[in-house]
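Have a look at the structure below, then the notes.
The values are calculated or read from the model by the stated rules, or taken from the named source; none is laboratory data. Computed from a predicted model, the values in this text were never measured in an experiment. Cβ coordinates were reconstructed from backbone atoms using ideal geometry, including for glycine residues, and neighbour counts include every protein chain displayed.
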Amino acid sequence: MRFLITGVAGFLGSHLADRMLAEGQEVVGLDNFITGSPDNISHLLGNERFTFCRYDVTEFIYVAGDLDGVLHFASPASPIDYLQLPIQTLKVGSLGTHKALGLAKAKGARFLLASTSEVYGDPAVHPQPESYWGNVNPVGPRGVYDEAKRFAEALAMAYHRYHGVDTRIARIFNTYGPRMRRDDGRVVSNFIVQALQGDPLTVYGDGSQTRSFCYVDDLIEGIYRLFTSDHVEPLNIGNPSEFTISELAELVLDLTGSTAGVDYRPLPEDDPKVRQPDISLARRTLGWEPQVDLREGLKRTIEYFRAVLAKGASQTRGQATS
Ligand code: UDP
């Protein structure tokens with residue numbers, strides 16, 4: 001079968017491409033590299049079942065030949081990215097989703113939307129089941145991402161109901177692992193890079209806010225099972241083990257052996273105070289739950305960033321001497 005992945009050079013898009021290729025499928029990947037990186041897909045470029053096109057998916061998408069699936073992963077996803085790219089974030093969630101759905105409809109392909117736990121905003125219900133409608137500030141700084149994804153979900157359901165497109169909606173909770181950018185700005189990558197460089201970890205607020213972190217391999221397994229299931233309504237995919245940001249900082253300091261401690265910074269506006277997925281539905285319908293605990297996932301991610309930083313250091317030395 002042949003699948004299109006938008007945002008293929010991103011953190012999740014590239015892992016999803018690896019998974020689809022490992023399943024023996026063909027992958028057509030699109031990315032405009034505004035937050036994705038060519039490094040994430042460089043290992044795929046010799047693969048005859050992989051085709052890449054540098055493209056902005058807010059424009060009309062033309063793909064020759066048949067497609068069996070369209071998986072829409074393009075979007076800035078880190079708060080610092082979508083605060084710097086507010087219009088692009090709104091456009092890719094709205095216009096980009098429209099183009100991707102239009103393509104799925106034209107090809108008779110199944111469609112999967114990478115949605116987000118941000119649709120729940122700063123939640124008044126905890127943990128968050130799919131039936132919760134959320135608590136989002138539409139005009140706050142995070143509104144550009146949250147509302148774009150909420151619109152994208154509404155559009156996917158409309159294409160399903162009105163045009164009969166076979167749609168899936170994954171509400172993705174905080175995910176971490178290899179291929180996050182070192183300057184991505186999200187908490188796991190920030191803390192690991194800071195710890196490995198001997199800098200204090202930047203804890204925003206008092207560190208009592210919580211998140212529930214899912215290792216990328218678990219997340220991709222959940223996405224794959226959702227895509228191949230017949231479940232149309234939105235589905236939470238995430239790890240329900242919840243930690244405060246201070247607990248995460250302690251763990252990263254412990255696992256890296258850093259003694260640099262923490263540096264408290266102001267809490268960003270509208271930063272959700274708690275977040276934890278209720279994954280009962282995923283357990284029931286997909287038989288899925290995460291396998292990798294935070295300690296193990298962090299160890300793997302620390303190894304990745306150690307290698308990235310070592311490579312960066314040798315490149316910098318190379319430039320300095322050439
Ligand atoms: N955070 C932090 N230090 C950082 C980056 C983030 O304390 O260097 C906090 C942030 O304020 C939030 C949590 O960690 O409460 C998760 O932030 P992230 O940007 O990873 O994703 P979010 O879940 O907010 O989308």
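For the range 125-172, enumerate the residues that are aliphatic (A, V, I, L, M), within 22 Å of Cys214 (Cα to Cα) and part of a loop (DSSP other than H, G, I, E, B). Spell out the reasoning first.
Going through the range 125-172, the residues aliphatic (A, V, I, L, M) turn out to be 125, 136, 139, 144, 148, 152, 154-158, 165, 169-170, 172.
Pick out the ones that are also within 22 Å of Cys214 (Cα to Cα) and you get 125, 169-170, 172.
Once the filter is applied, which keeps residues that are aliphatic (A, V, I, L, M), within 22 Å of Cys214 (Cα to Cα) and part of a loop (DSSP other than H, G, I, E, B), the range 125-172 yields only Val125.
Which of the residues belonging to the range 174-204 are out of contact with any Pro (no Cβ under 7 Å at 6 or more places or on another chain) and assigned to a strand (DSSP E or B)?
Thr175, Tyr176, Leu201, Thr202, Val203
Can you say whether Tyr215 is crowded, with 19+ Cβ neighbours inside 10 Å, free of Cβ contacts under 8 Å to residues at least 60 places away in the same chain and either touching a strand residue (DSSP E or B) at 6+ places or on another chain (Cβ under 8 Å) or farther than 23 Å from Asn137 by Cα (or both), as far as the supplied structure shows? Outline the logic, then answer.
Working: crowded, with 19+ Cβ neighbours inside 10 Å: yes; free of Cβ contacts under 8 Å to residues at least 60 places away in the same chain: no; either touching a strand residue (DSSP E or B) at 6+ places or on another chain (Cβ under 8 Å) or farther than 23 Å from Asn137 by Cα (or both): yes.
Here the answer is no, as Tyr215 does not meet what is asked.
So that you can scan it fast, the table gives a plain yes or no per residue for (1) over 16 Å from Gly36 (Cβ atoms); (2) among the hydrophobic types (A, V, I, L, M, F, W, C); (3) modelled with pLDDT under 95:
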residue	(1), (2), (3)
Thr58	no, no, no
Ala74	no, yes, no
Tyr82	no, no, yes
Ser94	yes, no, no
Arg110	yes, no, no
Tyr120	yes, no, no
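Just to verify a result, which residue in the range 205-242, among those that are assigned to a strand (DSSP E or B) and of a type in the set (D, E, K, R), is nearest to the ligand (Cβ to nearest atom)?
Residues of the range 205-242 assigned to a strand (DSSP E or B): 210-212, 214-215, 235-237, 242.
Remaining after also requiring of a type in the set (D, E, K, R): 211, 242.
Values: Arg211: 5, Glu242: 12 Å.
Only one residue tops the list, namely Arg211.
Take Ala104 and decide whether it is surrounded by 14 or more Cβ atoms within 10 Å (Cβ to Cβ) and either in a helix (DSSP H, G or I) or small (Gly, Ala, Ser) (or both).
On the way: surrounded by 14 or more Cβ atoms within 10 Å (Cβ to Cβ): yes; either in a helix (DSSP H, G or I) or small (Gly, Ala, Ser) (or both): yes.
So Ala104 fits the description; yes.
Give the number of residues within the range 107-124 that are of a type in the set (Asp, Glu) and either assigned to a strand (DSSP E or B) or surrounded by fewer than 23 Cβ atoms within 10 Å (Cβ to Cβ) (or both).
1
Tell me, which residue of the range 163-204 that is near the ligand (Cβ under 10 Å from one of its atoms) and of a type in the set (Gly, Ala, Ser) is nearest to Lys273 (Cα to Cα)?
Per the criteria, the residue is Gly185.
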